[in-house]
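Enquirer: Following this message is one structure expressed as structure tokens.
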Amino acid sequence: MVGFFEETLNLCVVIGTLCARFLMVCALVMPFAASAQTAPGRCVILGKVVDATTNAPLPFASVVLQGQSSGTATDFEGAYRLEGVPAGVHNVVVSFLGYTPETVFEIETTPARPAVVNVALTEAAIAVDAAEVVAESRATVEEAPLSVRSIGTNEIKRNPGGGRDISRALRSLPGVAAIPSFRNDIVIRGGAPNENRFYLDGIEIPNINHFATQGASGGPVGMINVDLVEGVDFYAGAFPAARGNALSSVMEFRFKDPRTDQWTANAVVGTSDLGVTVEGPTGENSSLIASVRRSYLQLLFEVLGLPFLPIYNDYQYKWTWRPDDRNAVTVLGLGALDDFELNLGLASDTAAPGYLNQVAILDVLPISEQWNYMQGMKWDRYTKDGKWTFVLSRNMLNNSAFKHVDNDVTLPLTLDYVSQEIENKFRAERLRSLGQGWKVSGGVNAEYAKYNNATRNTVFVPEVGGVDVTFGSDFKMAKYGAFAQASRPLLDNRLTVSAGMRMDGAVLLDVAEDLEKPEGDPLANPLDQFSPRLSASWSFAPGWTWNANAGIYHQLPAYTILGYAGLNSDSTSTLLNWGEGLTYTTNRQLVMGIRREIGSRNASVSLEGFYKGYTGSPASATTGIALANLGADFGVVGNETVSFDAEGRAYGMEVLLQQRLYKGYYGLLAYTLVRSEYVQGRDDLDLQTWVPSSWDNRHIVSFTGGKKWDSGWELGARVLFSGGLPYTPVALSQSLLIENWETFNAAIPNYDLLNTERNGAFHQVDVRLDRKWFFDRWSLDVFFDLQNLTGAAPPQPDQLDVVRDPATGRPIPSTTNPGSYDPRFISTATGAVLPGLGMIVEL
């Protein structure tokens, strides 16, 4: 109880300090506030309006602020300049005869610099008398008429409790699970975190988080700087044919086009990092936007007394060159350097509160170092009826982790892991708009990949105990694919039908000299991975649409699975998982729903039902557990012998009520009902039962909303409720054996009772307050973020530890059970209010 009051007191000190700093910052800016220019007529919005298919400029297009009757029009080059705009946030409506009008939400204007808004309009493909005209900026409306949400940069920045992190902002959307931890694992409709694919301006990036789990995803903080982001299109289903290897979601991130009129900069002191962003022209037809960030998350974790100290750095940039209206070249870069250190100072003070608990955690965590990058180039060549797109990119991940006995570098290693993943990719696409509303697209992709791994580790094998695993692996492989899509409106443009397909294959090219190359090419035939899909959208009443999609999707196993090496039956070293049973994981999906758009109020309501069936999912040959049930922790997933016979399913429904910015108010209410289950294929047929997966939340409710005032104040809140996740109980007697505990320093799960227990439901309330001042040449935004306002503690099982010597922290052998330790449990059901203070300066 004394420790509880001490922790509470320390937390209050942190909150008080941050509040004092907040007041101090406010006091510093108050003298300038009186001179802040927020009067009407000080700001400008400019940009260009073009045809989304051909990139041809659209002259005389109308550009107005939503709610106003007059604005401006584009010139013969499609350019416009809207003057006399009040400082603040506005919705901009762009329209042109014969095209679908588009509303660009939440454009921020300031006297310091013009706001740049470039808009690409699509030819109207719906009957105006059959449905309200609602803007869709996506190029895949026909093939993905449902299960897609778009998020703008302001929605990400202001997300309460999100810390300007895109991954956390996504948790407000339907179908996205809220994992009660500090990690950013993205779990969509009951699928595993490794089932998602990410694209940046059409160029694939392997991961969007720092400290990623190799073979899965996640990490404590996002890698993409929201200051460069224009928006995100989030596909929870109905994936475009051009995007392969995804089972649960595809996320299309769009970096904003760098401004061409002047150089600008902004600096951000966020809740976890410091960042600087610059953008401006680099020539007559080229421009650049770039940013660098450095974390101070390790300082916050040290203040909170956490046993690990994550340190991250990242960079990102976008350079564009548009020599004419027919050509556009984009060069992108994204990279990160991450160090995961241990806070060993916690184990040096034996009199500190929670000393034994900190020692127990430090005994488990490894030290991790990770770096990655992506460099890519895209060339869009526009024609009279569409465009060609060519993409060339390279990405690399270097991941290492090690662990010494008692965290003493002079003692032997219990874990020594180094791995690299390198991918070189090419993709060519052709998009055409034909007569009678036909839209067709197709393309090919090719990839050359390399993977290497050096592992020395000890794993637990049921009925055997600890087993030393030491191997080296190095291979090269090629991947290839082809895709096509076609759509057309029917029934007087009230019904739109889209059909698509893709095929994928892979072959093993070479292995290291000390490995024997496996015989056969089980993944080579692309017809085995044939992936058809069909979508339909019916406008059956004004503002109402019925939408449906059915598809079969495939995903290649992770490199950690493909590269696992060991001795085969004739005692030669080879890639053990590259055999006849190797297969892509297959997911058969069906989604159906209705949607109501209220365009006059920027509001929408939707209801969707979904079903996902998995076959060929990899499962551990040691435990029989589907690897889809793993990945919610740091480390590596799939670095073992597997079978490809696990089956799974996820099904449920989603309800969404969304109010985009309207008269200063915005809000989003989402409810998801989901069941996620797996059955292990190696079980006897009469013993097979569906077991909840590790992502089976069942009920998820999320509300995010707020109010903007013309004075520069903004208040937002987020309320989350989620059902508890299942978990596997501990095999207590095995865990406490001295030989096991000295090897693993952690509990051993009882996989015979896989996910038979369940955590309780949890909730969280986050609040954010912003105040913005506008000056002639710069602007200032100060925000205060309060996560977990109620101090709610996510219900989780107590962590198993052993009885330890209070003076040294070393485990004490049991006097009543020779050969074992006595159990001690650490309560994990603790909640903390996490305040955050940030400041953004725009020049």
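The values are calculated or read from the model by the stated rules, or taken from the named source; none is laboratory data. Computed from a predicted structure; not experimentally measured. Methodologically, a virtual Cβ is constructed for each residue, glycine included, from the backbone with ideal geometry; neighbour enumeration extends over all protein chains shown. Accessible surface areas use protein heavy atoms only, side chains included; no ligands, DNA or RNA. Shrake-Rupley method; radii C 1.70, N 1.55, O 1.52, S 1.80 Å.
Enquirer: Given all pairs of different Cα atoms, what value in angstroms does the Kirkwood hydrodynamic radius of region 217-319 take? Before the final figure, lay out the partial values.
Expert: Details: mean 1/r = 0.0621 Å⁻¹.
Every distinct Cα pair counted, the radius reaches 16.1 Å.
Enquirer: Please report Rg over Rh for region 571-619, where both radii come from the alpha carbon positions and Rh follows the Kirkwood definition. Write out the running numbers ahead of the final one.
Expert: Numbers: Rg = 21.5 Å, Rh = 15.2 Å.
Using Cα coordinates only, the ratio equals 1.42.
Enquirer: Between Val276 and Ser400, what is the label-to-label distance in nm when each label sits 7 Å out along the Cα-to-Cβ direction?
Expert: 2.9 nm
Enquirer: Cα gyration tensor of region 377-463, axes a ≥ b ≥ c as square roots of the eigenvalues: rounded (a/c below 1.5), prolate (a/b > b/c) or oblate?
Expert: Values: a/c = 5.23, a/b = 3.44, b/c = 1.52.
Judged from the Cα gyration tensor, region 377-463 comes out prolate (a/c at least 1.5, a/b above b/c).
Enquirer: Find the percent of Cα-Cα distances in the chain that exceed 51 Å, and round it to a whole number.
Expert: Counting every Cα pair in the chain, those more than 51 Å apart make up 16 percent.
Enquirer: On full extension of the chain, what length is gained from Ala603 through Arg675, given 0.36 nm per residue of separation minus the C-alpha to C-alpha distance?
Expert: Full-extension gain reported as 23.0 nm.
Enquirer: What three numbers, in Å, describe the spread of the alpha carbons of region 401-531 along their principal axes, ordered from the longest?
Expert: On the principal axes, region 401-531 reaches 76, 33, 31 Å in Cα extent.
Enquirer: Relative contact order of the chain, please, whole-number percent, based on alpha carbon pairs below 8 angstrom and at least 6 residues apart.
Expert: Relative contact order here is 11 percent.
Enquirer: Students often check this: by mean Cβ neighbours within 10 Å, which of 820-829, 221-230 ranks highest, and how do the rest follow? Each step should come with its number before you reach the end.
Expert: Numbers: 820-829: 15.3, 221-230: 22.8.
So the peptides 820-829, 221-230, ranked by packing, come out 221-230, 820-829.
Enquirer: For Lys450, what accessible surface area do you get with a 1.4 Å probe? Give it in Å², rounded to 10.
Expert: 70 Å²
Enquirer: Compute the distance in nm between two label points, each set 7 Å from the Cα along the Cα-to-Cβ direction, one at Asp521 and one at Ser814.
Expert: Placing both labels 7 Å along Cα→Cβ, they lie 5.6 nm apart.
Enquirer: How far, in nm, would the chain grow between Ser150 and Ala499 when pulled straight, counting 0.36 nm per residue and subtracting the alpha carbon separation? Present the calculation step by step, with values, prior to reporting the outcome.
Expert: On the way: separation 349, 0.36 × 349 = 125.64 nm, distance 2.26 nm.
Taking Ser150 through Ala499 to full extension adds about 123.4 nm, to one decimal.
Enquirer: Same structure again: So what is the accessible area of region 733-810 per residue, in Å², with the probe set to 1.4 Å?
Expert: 45 Å²
Enquirer: Okay, next question. What FRET efficiency, computed as 1/(1 + (r/R0)^6) with R0 = 56 Å and r the Cβ-Cβ distance, is obtained for Val440 and Asp408, rounded to the nearest 0.05?
Expert: In this case the efficiency is close to 0.30.
Enquirer: What FRET efficiency do you get for Glu742 and Trp544 if R0 is 51 Å and r is their Cβ-Cβ distance, rounded to the nearest 0.05? Don't skip to the end; give the middle numbers.
Expert: Numbers: r = 65 Å, r/R0 = 1.27.
After rounding to 0.05, the efficiency reads 0.20.
Enquirer: Still on this structure, I have one more. Which whole-number value in Å³ per residue fits the convex hull of the alpha carbons of region 345-423?
Expert: Values: hull volume 11.7 nm³, N = 79.
For region 345-423, the hull spanned by Cα atoms encloses 148 Å³ per residue.
Enquirer: Shifting gears a bit: What percent of all Cα-Cα pairs in region 740-843 falls into each 10 Å bin, going from 0 up to the bin containing the maximum distance?
Expert: 11, 23, 21, 19, 13, 9, 3, 1
Enquirer: Still on this structure: How tilted is helix 355-364 with respect to the longest principal axis of the chain? Cα atoms for both, answer in degrees (0 to 90, nearest 10).
Expert: Tilt relative to the chain: about 80 degrees.
Enquirer: State the antiparallel share, in %, of DSSP beta bridges confined to the chain, rounding to the nearest 5.
Expert: 95 percent
Enquirer: Can you list the residues of region 362-400 with backbone N under 20 Å from a point 7 Å past the Cα of Val292, pointing along Cα to Cβ?
Expert: Answer for region 362-400: 370-376.
Enquirer: Using a Förster radius of 41 Å, what is the FRET efficiency between Leu657 and Asp798 based on their Cβ-Cβ separation? Nearest 0.05, please.
Expert: 0.60
Enquirer: Grab the eigenvalues of the alpha-carbon gyration tensor for region 698-780, scale each by 5, take roots, and send me the semi-axes largest first in whole angstrom.
Expert: Result for region 698-780: semi-axes of 49, 19, 7 Å.
Enquirer: Here is a further query. Starting from the alpha-carbon convex hull of region 272-312, give the projected area averaged over all orientations, in nm².
Expert: Value for region 272-312: 3.0 nm².
Enquirer: Related question: Where a Cα-Cα gap under 29 Å defines reach, which lysines qualify for Lys439, not counting those fewer than 8 residues away within the same chain?
Expert: Lys48, Lys256, Lys378, Lys384, Lys387, Lys425, Lys479, Lys612
Enquirer: Using 0.36 nm per residue, how much length does the chain from Ala807 to Asp510 gain when fully extended, once their Cα-Cα distance is taken away?
Expert: The Ala807-Asp510 span can extend by a further 101.5 nm.
Enquirer: What number results when the radius of gyration of region 146-263, computed over Cα atoms, is divided by 2.2 N^0.38 Å?
Expert: 1.03
Enquirer: Another question, then. Quick one, can you get me the convex hull of the C-alpha atoms of region 290-446 expressed as volume per residue in Å³? It would help to have the intermediate numbers written out before the result.
Expert: Values: hull volume 26.2 nm³, N = 157.
Cα convex hull per residue, to the nearest whole number: 167 Å³.
Enquirer: Oh, and also: What is the mean projected area of the alpha carbon convex hull for region 522-634, to one decimal in square nanometres?
Expert: Working: hull surface 44.3 nm².
It is 11.1 nm².
Enquirer: What does the highest-first list of 588-594, 235-241 look like by mean Cβ count within 10 Å? The partial results should precede the final answer.
Expert: Values: 588-594: 18.9, 235-241: 26.0.
Result, highest mean first: 235-241, 588-594.
Enquirer: Under a plain spin-label model, where a point goes 7 Å from the Cα along Cα-to-Cβ, how far apart in nm are Ala478 and Tyr315?
Expert: A separation of 3.4 nm, rounded to one decimal place.
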